[in-house]
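J.: Next up is a structure, given as structure tokens.
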Amino acid sequence: MPATDYIVTDDDLTRLKACYQAWHDNKGQNNSLQNWLDLMAEDINIININEGNDPSLAFAKDRQGHEEAKVYFTALFDGWEMRDWSPGVFVREGCYVTMFGQCSWKNKSTGKTAKGRVAHLFKYVDGLISEFTEVFDSAEVIQAATPDA
């Protein structure tokens, strides 16, 4: 990933942390989606490391642009209900911010909850997120999405 000349500012980091707080407080509802879109460039590149691992991860696909970002969030909330989102550590270097945290989601079909660690890597260009990479514990998600026998 080549870097850019842009350096993430204190304001960028404050806005990102506020977005996570609203995401947690609203459990992904209300204006949460718009809060994320406001931080993202129109041509945002969403990269999901877990893409294609299992049918229960259908929401976790690479996406391009605001409209595809909306599809990502819609697909996520079609199958899952957020229980908790707890960002832990933010690391800022150059044009990048990394967040390490934990979250839990209840599968709407099985009623089971997936709880695990998550990492997000954001690349900023001109004050907006141009690239968003997501890594989470896919084994927990697959287990929670699998009906009991």
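J.: Identify all residues within the range 18-46 that are hydrophobic (A, V, I, L, M, F, W, C) and under 12 Å from Gly65 (Cα atoms); write none if there are none.
T.: Leu37, Met40, Ala41, Ile44, Ile46
Per-residue answers, yes or no, for (1) assigned to a strand (DSSP E or B); (2) surrounded by fewer than 15 Cβ atoms within 10 Å (Cβ to Cβ); (3) out of contact with any Phe, Trp or Tyr (no Cβ under 9 Å at 6 or more places or on another chain); (4) not hydroxyl-bearing (Ser, Thr, Tyr):
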site	(1), (2), (3), (4)
Asn35	no, no, no, yes
Asp38	no, yes, yes, yes
Glu42	yes, yes, yes, yes
Asn45	yes, no, no, yes
Asn50	no, no, no, yes
Ser56	no, no, yes, no
Ala60	no, no, no, yes
Glu67	no, yes, yes, yes
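J.: If the Cβ limit is 7 Å and pairs must be 6+ apart or interchain, which residue in the range 24-35 that is closer than 14 Å to Ser86 by Cβ pairs with which residue that is aromatic (Phe, Trp, Tyr)?
T.: Taking only residues 6 or more apart or on different chains, the pairs are His24/Trp85; Gly28/Phe77.
J.: Of all residues in the range 94-149, which are outside any helix (DSSP H, G or I), acidic (Asp, Glu) and touching a residue at least 24 places away in the same chain (Cβ under 8 Å)?
T.: Answer for the range 94-149, where residues must be outside any helix (DSSP H, G or I), acidic (Asp, Glu) and touching a residue at least 24 places away in the same chain (Cβ under 8 Å): Asp126, Glu131, Glu134, Asp148.
J.: Here's something else I'd like to know. Mind checking whether some residue in the range 72-81 is in contact with a strand residue (DSSP E or B) (Cβ under 6 Å, 6 or more places away or on another chain) and assigned to a strand (DSSP E or B)?
T.: Yes.
J.: Take the residues in the range 83-122 that are β-branched (Val, Ile, Thr) and farther than 23 Å from Ala58 by Cα, then tell me which one is surrounded by the most Cβ atoms within 10 Å (Cβ to Cβ).
T.: Taking the candidates together, the pick is Val97.
Rule-based calculations on the coordinates, nothing more; no lab input. It should be emphasised that the depicted structure is a prediction, and the values quoted were computed from it without experimental measurement. With ideal geometry, Cβ positions are generated from the backbone for all residues, glycine too; neighbour counts draw on all protein chains shown.
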